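Report on the structure given below.
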Amino acid sequence: MRKTASLQAIRAYLGNKSTAVSAVELVDHFSERFNKTTIYRVLTRLEDEGEVHSVLGNDATMYYAMCHSKCSKEAHHDQHVHRQCRSCGEVSCVEVAIPALEAMDFQVEEAKVLLIGLCKNCQ
Ligand SMILES: [Zn+2]
Ligand SMILES: [Zn+2]
Ligand SMILES: [Zn+2]
């Protein structure tokens, strides 16, 4: 029962964000409702189920975002890149395809590309 509540709350939180959310932010946000272990377990489960994908930030922190492509339990198909602002640390998904790689004899299944730069607010 509690497990379901945490799963729904974390899924809703990620769904309402336009940027990726770090595990640290989630732990902090839900600190009064769920413990750290529960939050990490839920994130792992959501990722396993193909609902959420993760990207490792330049700050060595894991960031999570909802999947918008046809991800499933079997495999993730998140063929987009991520960007992180070196000033405020914000991470977001950028829906650009990387067809050039497909032409190089390599079948892309998942992209874990991180672009570093300055976001609109920090420029
Ligand atoms: Zn995915
Ligand atoms: Zn910024
Ligand atoms: Zn993404």
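Those residues that are free of Cβ contacts under 8 Å to residues at least 40 places away in the same chain and over 18 Å from V108 (Cα atoms), I need them from the range 57-72; list them, please.
D59, A60, T61 - these are the residues of the range 57-72 that are free of Cβ contacts under 8 Å to residues at least 40 places away in the same chain and over 18 Å from V108 (Cα atoms).
Taking V91 as the residue in question, decide whether it is more than 12 Å from ligand 3 (Cβ to nearest atom) and among the β-branched types (V, I, T).
Numbers: more than 12 Å from ligand 3 (Cβ to nearest atom): no; among the β-branched types (V, I, T): yes.
The answer is no for V91.
Counting residues that are open to solvent by 20 Å² or more (accessible area, probe 1.4 Å), which strands (runs of 3 or more DSSP E) fully inside the range 24-86 reach at least 2?
In the range 24-86, the matching strands (runs of 3 or more DSSP E) lie at 62-66.
Looking only at the range 1-16, which residues are outside any helix (DSSP H, G or I) and modelled with pLDDT under 95?
M1
Restricting to the range 59-83, what's the tally of residues that are under 21 Å from A12 (Cα atoms), more than 12 Å from ligand 1 (Cβ to nearest atom) and aliphatic (A, V, I, L, M)?
Matching residues across the range 59-83 total 1.
The values are calculated or read from the model by the stated rules, or taken from the named source; none is laboratory data. Quick caveat, the model's predicted, so the values are computed rather than measured. A quick note on method: Cβ atoms are made from the backbone with ideal geometry, for glycine too, and the neighbour counts reach across all protein chains shown. Side chains are part of the model used for accessible areas, which takes the heavy atoms of the whole protein and leaves out ligands, DNA and RNA. Shrake-Rupley method; radii C 1.70, N 1.55, O 1.52, S 1.80 Å.
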